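The values are calculated or read from the model by the stated rules, or taken from the named source; none is laboratory data. If you're wondering where the values come from, they're calculated on a predicted model, not measured in any experiment. Here Cβ is always computed from backbone atoms with ideal geometry, including for glycine, and neighbour counts include all displayed protein chains. Ligands, DNA and RNA are excluded from the accessible area calculation, which covers all protein heavy atoms including side chains. Shrake-Rupley method; radii C 1.70, N 1.55, O 1.52, S 1.80 Å.
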Amino acid sequence: MSIKTHQYEVVIVGAGGAGLMAALYASKKASTAVISKLYPSRSHTGAAQGGISAALGNIEEDRPEWHTYDTVKGSDYLGDQDAIEFMCFKAPELVYELEHMGLPFDRTPEGRIMQRPFGGHTNNETGKPVRRACHAADRTGHMILQTLYQQCIKNNVTFFDEFQVLDLIMVNGKAAGVVAIEIATGDIHVFHAKAVILATGGWGRVWEITSNAYAYTGDAPAMILRKGLPVEDMEFFQFHPTGIYKLGILITEGVRGEGGVLINDKGERFMERYAPHVKDLASRDVVSRAMYIEMKEGRGINGQRYLYLDVRPETVNKYAKIDGRTNPDGTPYQVTAEDILRKLPDIIDFCKTYLGVDPVKEPMPVQPTAHYAMGGIPTNIKTEVLADEKNTVVPGLYAAGENACVSVHGANRLGTNSLLDLVVFGKEAGIHAAEYAAGAQFEPLPDDAADYARSQLDAILNSKGNERVADIAKEMKHEMMDKVGVFRTEEGMQEALDKIRELKERFKHIHIDDHGKVFNTDLLTAWELSNLLDVAEITTASALARKESRGAHSRDDYPKRDDQNWLKHTLAWRRENGEIELRYKPVVITKYQPKERVY
Amino acid sequence: MLEKVTLKILRYNPEKDAQPHYERYTVEAEPTDRILDVLEKIKAYQDGTLTFRRSCAHGVCGSCAMRINGRNRLACKTLLKTLDTSKEITVEPILGLPRVKDLIVDMTTFFDNYKKVMPYFINDEPLPEDGRERLQSPEERARFDDTTKCILCGACTTACPTFWADNSYVGPSAIVNAHRFIFDSRDRAAAERLKILAGDSGVFRCRTAFNCTEACPREIKITKAIAEVKRAIITGRLD
Ligand SMILES: Cc1cc2nc3c(=O)[nH]c(=O)nc-3n(C[C@H](O)[C@H](O)[C@H](O)COP(=O)(O)OP(=O)(O)OC[C@H]3O[C@@H](n4cnc5c(N)ncnc54)[C@H](O)[C@@H]3O)c2cc1C
Ligand code: SF4
Ligand code: FES
């Protein structure tokens, strides 16, 4: 079996917003390669809709301090405040940088970048929603991904498209490269590097109903765990309130930003009861929980497990009037069907295509959908990966984007803060990895660098059991949705953990149909499922241990936040015997002492 | 309401087959299922060797362009209820690019053509002194809105008879992406792009077959965009 070897100073795994931003910066100073299992333009950053946050104040007063506080509060005080402050103060500069790269933001009448309100983002003096989300219609992520990819082409960045990274090479405790399979040929490639940046996105495919792409399988965190390194705060996974019923496809919070409201079977705008100040624009964890309670108490539409999201102009105008919502010039906020069409063209297209519903004329049936990983690979502000609770740096290893946990999102992410996170920390990763590479040597590659990856694939190829990959996946997704979802209990999570372990055993007895080399997606889907199982297990174990409710982690049996005992980050390792070890590290608190969170 | 549907899929495994051939699969599916869901079901429960690309599953990543009943469409945006399920549904790879395996084609030429038109923002003038955004009016922004929607799925280019005949023609997708910059008031390289597109492999190869516009899952008015580029070349004006 021939193995091809490449050498680059910096190797970036992932070509989404974080990976491409890192590539633009790393490639200025170091020889750089980007490896991606998808063509870069297929990355899930392209699915992001609503916007990217920055306190530009283009439409009304706003300040980075307010953005910082809102993010801290949104995180239910679990976010590290130094990192949050860093991100929010960098935000305007980064959004302008994207604009200078040509990103076609929507415009205000003055020709500036257009901004809309989003959940949890407020004017800290009035407590009212503030227009902070910079957007390009409802395809902001698409425009970010396209723009960054275009700039990479302009700057001749080297890409290995449709190469799937299977393993991280560590030598003498330092990152020394990665092992990847060239999907089109089945060949194994070793990428020898001085620095590696992990930017593989999220893992929503652990759950049954999700807004996430098929490719969201948690490859990097699973790889990290296999190397004996920890992952952080995995119990915090965000359920977005408005996924299309049954399909999970996301309906952006921008719909509520533009004035849409959630309605129950009795026709009530129920968020009034749960978040009297900002109502439908409360934080996502708050809204998703409210929806679950409404459905549990029988007020789902026709008693079913969905509610309505209503953005018909008459509804928007009715509630805008009740709320006293105004335009920047003080006139009452009123919309027409054309406004809705112009501002949310893709959402309207999704609803028409998948539901046969025209949102301008009918309300949309929605339910919470697994959306975003707040936890992930622990890093510091420089995006260096951390090995333990003492924040020991792993030399040469970096992580950015959704697969990383800096932690700026803590227990609950505010909408539009992820796209910001990608560009801010993607850039940091590119800069610091190149800087590190300039002062580092290539570590000698072990002869058997590719053996472990090879053996993993062979185990799947040679496995002769009668378990189907799809069955195991289905059972995992169902169990996780049911028991490690919006509401959790000790009993349920223990059952889920047992189930996941049973599924991991059964995984050893799978069989796949395709034993070829060319585009063997049967093999790679199975390999991805093993990652999902690892991630599901560690998520559940972390959640089970946390005996409190905070942000997205909400327990019936411990309904209150417990700062006395649990104002700390979880670090989780999987030891060689398969046991999971949990340790904790303090949250960085600078300016904002924890207080009760009301919206 | 489950119903039985039959897909007739053009299969090709380069490691085994000399020629592509059709195979039929019957599955139970809902009218609201996407062709992608049906393909996933077949792969999961009937034949794991069936191979296709997909990622987002809702028409935004551009992975899953294929020929469904002879038309280029996204598998994840084509619901069974929009097809006649009393008959077999034919699923084939898009045309005009080398076959790799089953529904997967080699997209290299497609992306190379894209790269030929300088599909990136160019403006080397000094940035605004306050470091903020370059100004652009909502009208100027609207001028190229339609062509910013492209997801590089290739459905248009691989529906184009001119492209089938000659891969060096950059194709509708590349022109759409050039249009996105040519008509952006902030960009400064329109002249260069127009020069490229005025050349042998450029817009004048277009015979206005309209296949592209019909194929585009993002409903981009491609033929109109091509016409605007042609006009800009002829008149030398960008209005
Ligand atoms: C529907 C939707 C809407 C959203 N809307 C918003 C929004 O409006 N605002 C906001 O701030 N956030 C939003 N988010 C969240 C945000 O879009 C994501 O968190 C973010 O785009 C993730 O970017 P990334 O760069 O980390 O990963 P991605 O863009 O997903 O990129 C991951 C990359 O890693 C590669 N990869 C993965 N595994 C491997 C492997 N094993 N080997 C090689 N390559 C690999 C993939 O090919 C891909 O290139 C949304 C998310 C979703 C799902
Ligand atoms: S123009 Fe339309 S059909 Fe062509 S590549 Fe772009 S999105 Fe696909
Ligand atoms: S899977 Fe993304 S467009 Fe079809």
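Of the residues making up segment B:56-97, those that are away from ligand 2 (no atom under 16 Å from the Cβ), within 11 Å of chain A (Cβ to nearest Cβ) and open to solvent by 20 Å² or more (accessible area, probe 1.4 Å) are B:81, B:82. On the basis of being more than 25 Å from residue A:180 (Cβ to Cβ) and within 12 Å of ligand 1 (Cβ to nearest atom), does residue A:416 make the cut? Criteria met by residue A:416.
Restricted to strands (runs of 3 or more DSSP E) entirely inside segment A:181-272, those with at least 2 residues that are open to solvent by 10 Å² or more (accessible area, probe 1.4 Å) and touching a residue at least 24 places away in the same chain (Cβ under 8 Å) are A:188-198.
With respect to residue A:107, determine if the residue is in contact with a Lys or Arg (Cβ under 6 Å, 6 or more places away or on another chain), facing chain B (nearest Cβ under 9 Å) and of a type in the set (D, E, K, R). Against the criterion (in contact with a Lys or Arg (Cβ under 6 Å, 6 or more places away or on another chain), facing chain B (nearest Cβ under 9 Å) and of a type in the set (D, E, K, R)), residue A:107 qualifies.
Has segment A:121-144 got at least one residue that is at the interface with chain B (Cβ under 9 Å from one of its Cβ atoms) and either touching a strand residue (DSSP E or B) at 6+ places or on another chain (Cβ under 8 Å) or free of Cβ contacts under 8 Å to residues at least 12 places away in the same chain (or both)? No - not one qualifying residue is present in segment A:121-144. Residues in segment A:154-171 that are touching a strand residue (DSSP E or B) at 6+ places or on another chain (Cβ under 9 Å) and surrounded by fewer than 18 Cβ atoms within 10 Å (Cβ to Cβ): A:158, A:171. Scanning segment B:173-182 for residues that are crowded, with 23+ Cβ neighbours inside 10 Å, of a type in the set (A, V, I, L, M, F, W, C), in contact with a Lys or Arg (Cβ under 6 Å, 6 or more places away or on another chain) and at pLDDT 95 or above turns up at least one hit. Check whether at least one residue in segment A:555-569 is touching a strand residue (DSSP E or B) at 6+ places or on another chain (Cβ under 8 Å) and open to solvent by less than 10 Å² (accessible area, probe 1.4 Å), and report yes or no. Yes; the residues of segment A:555-569 include at least one that is touching a strand residue (DSSP E or B) at 6+ places or on another chain (Cβ under 8 Å) and open to solvent by less than 10 Å² (accessible area, probe 1.4 Å). When residue A:499 is tested against (1) more than 23 Å from residue B:42 (Cβ to Cβ); (2) part of a loop (DSSP other than H, G, I, E, B); (3) among the charged types (D, E, K, R), exactly one condition is not met: (2). Checked against (1) over 28 Å from residue A:236 (Cβ atoms); (2) surrounded by fewer than 22 Cβ atoms within 10 Å (Cβ to Cβ), residue A:69 meets all criteria but (1).
Entry remark, segment B:99-132: residues being farther than 30 Å from residue B:39 by Cα, open to solvent by less than 10 Å² (accessible area, probe 1.4 Å) and at the interface with another protein chain (Cβ under 9 Å from one of its Cβ atoms) number 2 in total. For beta carbons closer than 6 Å, sequence separation of 6+ or different chains, a first residue in segment B:214-238 that is open to solvent by 70 Å² or more (accessible area, probe 1.4 Å) and a second that is within 10 Å of ligand 2 (Cβ to nearest atom), the qualifying pairs are B:221/B:146.
Among the residues of segment B:18-38, those that are open to solvent by less than 40 Å² (accessible area, probe 1.4 Å) and either within 11 Å of chain A (Cβ to nearest Cβ) or in contact with a His (Cβ under 8 Å, 6 or more places away or on another chain) (or both) comprise B:31, B:33, B:34, B:36, B:37.
Quick check on segment A:15-32. Is at least one of its residues more than 10 Å from ligand 1 (Cβ to nearest atom), of a type in the set (Lys, Arg) and not in a loop (DSSP other than H, G, I, E, B)? Yes: one or more hits. In the condition set (1) in contact with a Phe, Trp or Tyr (Cβ under 6 Å, 6 or more places away or on another chain); (2) more than 30 Å from residue A:13 (Cβ to Cβ); (3) open to solvent by less than 10 Å² (accessible area, probe 1.4 Å), residue A:278 is compliant with all but (3). Of all the numbered requirements in (1) more than 28 Å from residue A:350 (Cα to Cα); (2) more than 14 Å from chain A (Cβ to nearest Cβ); (3) free of Cβ contacts under 8 Å to residues at least 60 places away in the same chain; (4) touching an Asp or Glu at 6+ places or on another chain (Cβ under 9 Å), residue B:199 misses one, and that requirement is (4).
Taken as a whole, segment A:94-107 holds at least one residue that is in a strand (DSSP E or B) and not small (Gly, Ala, Ser). Quick check: is even one residue across segment B:44-54 assigned to a loop (DSSP other than H, G, I, E, B) and within 16 Å of ligand 2 (Cβ to nearest atom)? Yes, the conditions are met somewhere in segment B:44-54.
Scan segment A:394-443 residue by residue and report those that are of a type in the set (S, T, N, Q) and out of contact with any Gly (no Cβ under 6 Å at 6 or more places or on another chain). Talk me through it step by step, then tell me what you get.
As a first pass, look at segment A:394-443 and keep what is of a type in the set (S, T, N, Q): A:403, A:407, A:412, A:416-418, A:441.
The answer is A:417, A:418, A:441.
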